[in-house]
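The values are calculated or read from the model by the stated rules, or taken from the named source; none is laboratory data. These numbers were taken from a predicted model, which means no experiment stands behind them. Positions of Cβ are generated from backbone atoms using ideal geometry, with glycine treated the same way; all protein chains shown enter the neighbour counts. Heads up: the accessible areas ignore ligands, DNA and RNA and are worked out on the full protein's heavy atoms, side chains in. Shrake-Rupley method; radii C 1.70, N 1.55, O 1.52, S 1.80 Å.
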Amino acid sequence: MVAPDSFGGTLSASAAAAAIARGWNEAAPGDDVVSMPLADGGTGFLDVLHTALGGTVHTLTVTGPLGEPVEGSWLQVGDTAYVESASACGLQHVPRPDRTPSVARAATTRGVGELLVAARDAGVAEIVVGLGGSATTDGGAGMLAVLGAVAVDADGSPLPDGGASLRRCVRLDGPVDLGGARLVAAADVDNPLLGTHGAAAVFGPQKGADDVAVADLDAALAVFADVLAAALGTDVRDEQGAGAAGGMGAALLALGASRVSGAGLVRELVGLDAALDDIAGDGAGLAVTGEGSFDWQSLRGKLVTTVARAAADRGVPCLVLAGQVSVGRREAAAAGVDAAWSVADDAGGVEASMADPSGTLTALAARVARQWSH
């Protein structure tokens, strides 16, 4: 079974699954390969669920992370809405050269709020927000502003968009209007909001934040955590998932959202366990998963380790093919991963692998298939 996540901004989960399956079939044509693209709440969350569940995808123009218009989407299945936050504020909307400290300080989740308003106005009973892959570190302040609760300074003036300005936040002005819909935060990681394992320190650098910006954003989020606690009656800064999507998890948890693992939710909804049961039954099953970077963050609730643990429960070996691999063998084994390979190492470097993401992943899959099948 080939069950990868998306590979950062280079390959969707479906494209990655197709590339791996193509390479595997070339090298081991006698193997029966089943593709099951997956997601953990971040990029690709909606596509994976739409394929598995059906429903109606609603696409609308919303505010992007830098204030520009982008196309955001949500999926309606019965009276449940699934919102992919990355479609509105994802890192894919910020070209790599533009990921600077100033951009990291100013990026907003306003577009996610606009998707939530659309789902609310459709009259759904439950809104599941997929968290992950964001370009933002604003603690969900932009999202809250669109929902009716505006972050203001001591003069009562609305703060500028972005996480850095939250250092001057003294209160939320106005109530949040969700129309009675229940909230679920489907987080891709279990990080807290603040500190060395928090939203700014761990994820800020990939969004363009340097050391100074990380410190400023962490301090601003600490102030905002106090404001959230005062306004909504609960202090969520240390809760698992509060640091997801640049702290958007904290805002949702403070609003009373129930927190679930995004990878675990997808695992349940797409039928991963039943598929693994099928391949485990003949005693010759193998699970192959992957993502852009298999690193220590992968061990904190990401899709790859969810697949590995589900496979291990059934005695099915699990292999990881990733753009880059920095997890040691011992840590990987503890997570249920039998072996991991890097596309960059196989292709001769990151630049070579990025020049043809699909081709280099296909080539690696073929090499691994020859090695594993024999």
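Scanning segment 73-116 for residues that are among the polar types (S, T, N, Q), within 24 Å of residue 150 (Cα to Cα) and either open to solvent by 10 Å² or more (accessible area, probe 1.4 Å) or at pLDDT below 95 (or both) yields 73, 87, 102.
Of everything in segment 266-302 that is within 22 Å of residue 353 (Cα to Cα) and in a helix (DSSP H, G or I), the residue that is most open to solvent (accessible area, probe 1.4 Å) is 296. Find the residue count for segment 243-268, including only residues that are at positive phi and among the charged types (D, E, K, R). The number of residues fulfilling the criteria is 0. Once segment 233-244 is narrowed to residues that are open to solvent by 10 Å² or more (accessible area, probe 1.4 Å) and in contact (Cβ under 8 Å) with a residue 40 or more places away in the chain, the residue that is nearest to residue 108 (Cα to Cα) is 237.
Got a sec? Which helices (runs of 4 or more DSSP H) wholly within segment 308-374 have at least 2 residues that are on the phi < 0 side of the Ramachandran plot, over 21 Å from the mean Cα position of the chain (by Cα) and charged (D, E, K, R)? Full working, then the answer.
Numbers: elements: 329-334, 343-347, 350-355, 357-373.
Fully inside segment 308-374 and qualifying: 329-334, 343-347, 357-373.
Residue 336 meets the conditions (1) open to solvent by 30 Å² or more (accessible area, probe 1.4 Å); (2) in contact with a Cys (Cβ under 8 Å, 6 or more places away or on another chain) in every case but one. The failed one is (1). Annotation note: Cβ proximity below 9 Å between a residue of segment 87-102 that is within 22 Å of residue 211 (Cα to Cα) and polar (S, T, N, Q) and a residue that is modelled with pLDDT of 95 or more and part of a loop (DSSP other than H, G, I, E, B) (sequence gap 6+ or interchain) occurs for 100/208; 100/209; 100/210; 102/208. Across segment 1-17, the qualifying residues are those that are surrounded by fewer than 24 Cβ atoms within 10 Å (Cβ to Cβ) and small (Gly, Ala, Ser), and the one among them that is modelled with the lowest pLDDT is 9.
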